[in-house]
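Quick one: the structure is below, questions incoming.
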Amino acid sequence: MQDNQEDAPVLNGKRILLIIAGGIAAYKCLELIRRLKERGATVRCILTKSGAEFVTPLSVSTLSEHKVYQDLFSLTDESEIGHIRLSREADLLVVAPATANILAKMAHGIGDDLATTCLLATDKPVMVVPAMNGWMWEHQATQDNIQTLESRGLIRVGPGRGEMAERDEQGVGRLAEPMEILGEIENFFQFAERLSGKHALVTSGPTYEPIDPVRYIANRSSGKQGHAIARALHRMGATTTLVSGPSAEPDPYGVNVVHVETAQQMFEACKNALPADVAVCAAAVADWRIEQPASGKIKKSPDDKPPALMLSENPDILAQLSAPGNNRPRLVVGFAAETGNVIAHARAKRERKQCDWIVANDVSPSGDGSFGTDDNTVHFITGENENSWPRASKIAVANQLALNIADYLDTTS
């Protein structure tokens, strides 16, 4: 993000409700307020009791040029602007720093002060910028709370890696820098409605192909990338259908989710979801299924010989969606999880399947090993062009892919 005024129209007239929670990084919010004001945004601020231990109401009100709200039970505040109105007049709520405490309250619906009550009462998008000790960030309770909040449509920025307030500790937990937060806020407003009126179809996760009632053939796909893509497309305004194989990932907020198990079920669900403007086939679909699954559990034979399993080919969902016809989406994006010669195999797959784009990655033990992880390194292939993206979170990869999709649909409409 360049430190200039060229982006002013993006935030001009936008209303931001900034909730400053307790954390030593709260001082960075003063710079964030100044930058938001420079770009034409109206900034109102809620300062929690803990937040006021790090920055003063006077400094916040001076920079925002508005009264700072602190007390849920202030009759003066309620007569001027109630907490319901305060939470709904904003175009975007930003919680920075978002401590482990306030994230836990948000995840569990606790409203015991003005900040958390506004967050419960709002019908507007919420962005959180976490900041805390690295051990607190990595704690399973915090990760569960973040996952819950993201499944409800919350937007997360950071945290970053680096030195903590405790100087002898390094790790993930640093508050994103003000210009990074500003950039994400601008991105939100710039791209929020880019795909309005469009229908997106996304496949995600593995498929389970039954051998008998207790065994199946599957793969290691977690569904993290596909679910992140569905969430990103929905956030940009698309009506989104997610066809998901078995996955521990929560259903993305606002997305129509169709749960399936087998490749055949996924294929039928995709056909039923058409027509669509774009289809993103991020699922790792099993190529084969058992021709005749046993109706009962296959017992171990007396001679200890393994049973012979007859395999049949599953429907090729990507190829079927890419095939010419009236119901073909304007843009079809495939994924290629490879273990060697990644780009060459991905190019061949794109030509063979007749899809428009391929997103490829190396899932070999010596490669990125991205199955089940939160990060991904991908190669974006369109026709003769190939671009290797730097390693990033799967959320960031999803956001970039969604932007590319929006650009494509804009230029081909």
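The values are calculated or read from the model by the stated rules, or taken from the named source; none is laboratory data. Not measured: the values here are computed from a predicted model. All Cβ positions, glycine included, derive from the backbone under ideal geometry; neighbour counts span all protein chains shown.
Does at least one position in the range 134-142 carry a residue that is modelled with pLDDT under 90, polar (S, T, N, Q), over 13 Å from S87 (Cβ atoms) and within 21 Å of the chain's Cα centre (by Cα)?
Within the range 134-142 (the criterion being modelled with pLDDT under 90, polar (S, T, N, Q), over 13 Å from S87 (Cβ atoms) and within 21 Å of the chain's Cα centre (by Cα)), the answer is no, since none of the residues qualifies.
Could you list, in sequence order, the residues of the range 136-154 that are surrounded by 13 or more Cβ atoms within 10 Å (Cβ to Cβ) and closer than 15 Å to V172 by Cβ?
Result: M136, W137, E138, H139, T142, I146.
OK, next. Residues in the range 395-413 that are among the β-branched types (V, I, T) and out of contact with any helix residue (DSSP H, G or I) (no Cβ under 8 Å at 6 or more places or on another chain): how many?
Step one: of the range 395-413, the residues among the β-branched types (V, I, T) are 395, 397, 405, 411-412.
Those still in the list that are out of contact with any helix residue (DSSP H, G or I) (no Cβ under 8 Å at 6 or more places or on another chain) too: 411-412.
Residues in the range 395-413 being among the β-branched types (V, I, T) and out of contact with any helix residue (DSSP H, G or I) (no Cβ under 8 Å at 6 or more places or on another chain): 2 in total.
Does the range 384-404 contain at least one residue that is exposed (fewer than 14 other Cβ atoms within 10 Å of the Cβ), within 21 Å of K353 (Cα to Cα) and out of contact with any strand residue (DSSP E or B) (no Cβ under 7 Å at 6 or more places or on another chain)?
Yes - at least one qualifying residue is present in the range 384-404.
I need the full set of residues from the range 148-180 which are more than 22 Å from A107 (Cα to Cα) and either within 16 Å of the chain's Cα centre (by Cα) or modelled with pLDDT under 85 (or both), in order please. Step through it out loud before you land on a result.
Here is the first cut: in the range 148-180, the residues more than 22 Å from A107 (Cα to Cα) are 161-171, 177-180.
Passing the criteria: R161, G162, E163, M164, A165, E166, R167, D168, E169, Q170, G171.
From K299, K271, K305, which residue is basic (K, R) and closer than 11 Å to L201 by Cβ?
Values: K299 fails: closer than 11 Å to L201 by Cβ; K305 fails: closer than 11 Å to L201 by Cβ.
That would be K271, the only listed residue that is basic (K, R) and closer than 11 Å to L201 by Cβ.
Moving to a separate point now. Of all residues in the range 329-340, which are at pLDDT 90 or above and either in contact with a His (Cβ under 9 Å, 6 or more places away or on another chain) or assigned to a loop (DSSP other than H, G, I, E, B) (or both)?
Our first condition is that a residue be at pLDDT 90 or above; within the range 329-340, this holds for 329-336.
Within the range 329-340, P329, R330, A336 meet the criteria.
So which residues in the range 280-317 are at pLDDT 90 or above and of a type in the set (G, A, S)?
The answer is A282, A283, A284, A286, A294, S295, G296, S312.
Could you identify the single residue in R231, R220 that is modelled with pLDDT under 95 and touching an Asp or Glu at 6+ places or on another chain (Cβ under 8 Å)?
Details: R220 fails: touching an Asp or Glu at 6+ places or on another chain (Cβ under 8 Å).
Criteria check complete, one pass: R231.
Can you confirm whether G111 is at pLDDT 90 or above, assigned to a loop (DSSP other than H, G, I, E, B), at positive phi and out of contact with any Cys (no Cβ under 7 Å at 6 or more places or on another chain)? Break it down stepwise before answering.
On the way: at pLDDT 90 or above: yes; assigned to a loop (DSSP other than H, G, I, E, B): yes; at positive phi: no; out of contact with any Cys (no Cβ under 7 Å at 6 or more places or on another chain): yes.
Judged against the criteria, G111 is not a match.
Step by step: first the residues of the range 310-342, then only those that are within 20 Å of A360 (Cβ to Cβ) and charged (D, E, K, R), then the one that is surrounded by the most Cβ atoms within 10 Å (Cβ to Cβ). Which residue is that?
Ranking the qualifying residues of the range 310-342, first place goes to E338.
Mind listing whichever residues of the range 90-106 are farther than 24 Å from E138 by Cβ and not in a strand (DSSP E or B)?
Of everything in the range 90-106, those that are farther than 24 Å from E138 by Cβ and not in a strand (DSSP E or B) turn out to be A90, D91.
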